[in-house]
Amino acid sequence: MTTIPVSGGAFAAYDVVVGRGLLAEVGKHVSPIAKGRTVIITDQTVAAIHAEALTASLTAAGVRSEVVAVPAGEGSKSFAELERVLDRLLEIGLDRKDVVIALGGGVVGDLAGLAAALYMRGIDFVQIPTTLLAQVDSSVGGKTAIDTPRGKNLVGAFHQPRLVLADIDVLATLPERQVRSGWAEVLKHGLICDADFFDWLAGEGAAGASGDPAALEHAVIRSVEIKSAVVGEDEKEAGRRALLNLGHTFGHAVETEVGFDEGALAHGEAVALGCCMAFRYSAREGLCSAEDVARVEAVIAAAGLPTRLAQAGAFEADRLLALMAGDKKAEGGALTLILARGIGDAFVAKGVDTAKVRTFLIEEGVTSSS
Ligand SMILES: NC(=O)c1ccc[n+]([C@@H]2O[C@H](COP(=O)([O-])OP(=O)(O)OC[C@H]3O[C@@H](n4cnc5c(N)ncnc54)[C@H](O)[C@@H]3O)[C@@H](O)[C@H]2O)c1
Ligand SMILES: O=C(O)C(=O)C[C@@H](O)[C@H](O)[C@H](O)COP(=O)(O)O
Ligand SMILES: [Zn+2]
């Protein structure tokens with residue numbers, strides 16, 4: 001078991017515990033936090049597989065719990081589902097000392113975290129991430145959100161969890177496509193700031209992309225260390241935290257264009273594609289080498305992830321640009337992109353020229369109606 005603290009001046013410190021068999025021990029970890037009741041927010045797929053083990057562990061530790069299950073999938077990050085969840089919490093009668101437990105992937109974590117942030121102006125919540133993506137990324141750092149048809153995560157709050165428990169064993173039931181999707185965010189962490197980690201992911205650690213538990217455990221631990229250091233320094237993305245958005249300005253626009261249909265494009269797949277685009281754009285600007293671009297594309301493709309827009313569908317330049325202009329990092333209508341000088345050396349580029357990005361998108365194969 002490895003414990004990684006997340007701390008920064010701006011919020012109460014908490015631990016991310018990574019290990020095997022943790023689900024059976026949740027009661028022991030949660031009972032010091034939850035003096036009263038807990039509500040487990042999960043999705044229907046995860047509920048069927050893992051909710052019983054969680055409730056048994058809580059009951060054994062004397063913690064009362066109730067399960068609220070939403071439909072699985074990105075569609076649950078919506079105003080309608082948020083309203084239903086909040087209404088259930090009111091109906092159950094949670095008070096301010098009670099605790100929400102998010103049991104699931106990034107969708108459940110983002111939705112339950114936002115519900116906890118809003119309920120009675122904010123109650124505690126615990127993250128129990130059950131996808132690789134949620135263990136390496138979404139359960140840490142306190143970003144919570146829902147989507148709107150105008151874009152990804154546009155309505156949300158920063159609300160840090162009290163505790164994160166990442167049980168590597170629950171990943172055994174995760175479909176392989178979801179493991180690969182989470183692997184994209186792992187690769188992203190190496191691309192941002194740790195070239196040695198990226199080398200390991202490309203070589204010895206590559207078995208993690210197809211579910212090897214030992215490789216997954218190391219990938220989760222190193223990812224959480226990287227994310228925790230960034231978030232501790234810059235909780236609300238005033239500066240350095242934007243690095244964690246590598247691949248997301250392109251990726252989120254594409255996810256929105258496909259109507260948040262994760263059957264067509266899962267979040268991690270969009271991030272993989274977006275990272276390749278960010279590296280190709282960086283090379284086009286003379287910032288990084290063609291060799292680095294080729295290596296990024298090769299490692300991402302070897303993990304079974306998309307590298308080219310055409311793999312996600314057909315897109316139109318001005319529609320993608322309009323969505324990118326609505327990105328939360330944009331300032332005064334000017335684009336902010338996360339670019340790279342090389343593998344492990346990403347930086348935040350503000351005021352990126354929209355006309356250049358338009359030309360780049362057309363080179364990438366999107367159509368132009370003007
Ligand atoms: N808050 C953040 O910092 C942050 C970071 C990255 C991504 N995100 C968000 O996370 C979301 C994507 O999360 P995700 O990829 O985990 O998707 P998800 O939550 O939709 O989970 C993917 C699928 O796996 C199923 N599943 C989950 N755990 C399982 C298990 N152990 N066994 C079997 N099936 C299981 C779910 O039911 C779902 O069908 C996106 O909305 C993205 O925007 C947020
Ligand atoms: O934690 C962060 O900061 C990230 O950017 C992590 C991303 O992987 C994640 O997808 C996040 O939800 C994106 O945030 P957004 O602010 O671009 O919506
Ligand atoms: Zn992401």
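The values are calculated or read from the model by the stated rules, or taken from the named source; none is laboratory data. The structure displayed is predicted, hence computed values, not measured ones. Because the Cβ atoms are built from the backbone with ideal geometry, glycine has one as well, and the counts that use them run over all protein chains shown. Quick note on the areas: whole protein, heavy atoms, side chains included, nothing else; ligands and nucleic acids left out. Shrake-Rupley method; radii C 1.70, N 1.55, O 1.52, S 1.80 Å.
Annotations for the structure displayed:
- Per-pair calculated FRET efficiency, R0 = 56 Å: residue 341 and residue 28 via Cβ, rounded to 0.05: 0.80
- Each Lys or Arg adds one and each Asp or Glu subtracts one; over the other residues with Cβ under 13 Å from the Cβ of residue 206, this totals -2.
- You can think of it this way: the chain between residue 334 and residue 310 has 6.0 nm of extra reach, that is 0.36 nm per residue less the Cα-Cα gap.
- Residues in the stretch 161-188 that a label on residue 1 would reach, taking backbone N under 18 Å of a point 7 Å out along Cα→Cβ: 162-171
- Among beta bridges that DSSP assigns inside the chain, antiparallel share in %, nearest 5: 40 percent
- The chain, relative contact order in percent, only Cα pairs under 8 angstrom and at least six apart counted: 15 percent
- On the principal axes of its alpha-carbon atoms, the stretch 249-370 has extents of 34, 33, 25 Å, going from largest to smallest.
- With all protein chains in place and ligands, DNA and RNA left out, the 1.4 Å accessible area ranks 324, 1 as 1, 324, largest first.
- J(HN,Hα) series, the stretch 295-302, from Karplus relation 6.51 cos²θ - 1.76 cosθ + 1.60, nearest Hz, glycine and proline x: 5, 4, 4, 5, 5, 5, 5, 5
- Helix-derived mean residue ellipticity, 222 nm - over the chain, DSSP H n ≥ 4, -39500 (n - 2.57), to 500: -13500 deg cm²/dmol
- A quarter of the convex hull surface defined by the alpha-carbon atoms of the stretch 192-289 gives 7.7 nm² as the mean projection.
- Seen from a random direction on average, the alpha-carbon convex hull of the chain projects onto 16.5 square nanometres.
- 37 °C / 0.692 mPa s Stokes-Einstein diffusion coefficient of the stretch 115-265, Kirkwood radius on C-alpha pairs, µm²/s: 202 µm²/s
- Protection proxy ranking of 333-344, 100-111, by the mean of other Cβ atoms within 10 Å over each peptide's residues and highest first, is 100-111, 333-344.
- Label-reachable residues, the stretch 234-257, where backbone N falls under 11 Å from a point 7 Å from residue 195's Cα toward its Cβ: none
- Shape call, the stretch 80-188: gyration tensor on alpha carbons, a/c limit 1.5: prolate
- Here the peptides 206-217, 265-276 are ranked by packing, the mean other Cβ count within 10 Å, and the order with the highest first is 265-276, 206-217.
- Relative contact order (%) - the stretch 1-131, alpha-carbon pairs under 8 angstrom, separation at least six: 23 percent
- Computed extension gain for residue 359 through residue 49, at 0.36 nm per residue and net of the alpha carbon distance, reaches 106.9 nm.
- Estimated FRET transfer efficiency when R0 is 30 angstrom, pair residue 173-residue 60 (beta carbons, to 0.05): 0.85
- Degrees, to the nearest 10: 267-284 long Cα axis against longest axis of the chain: 30 degrees
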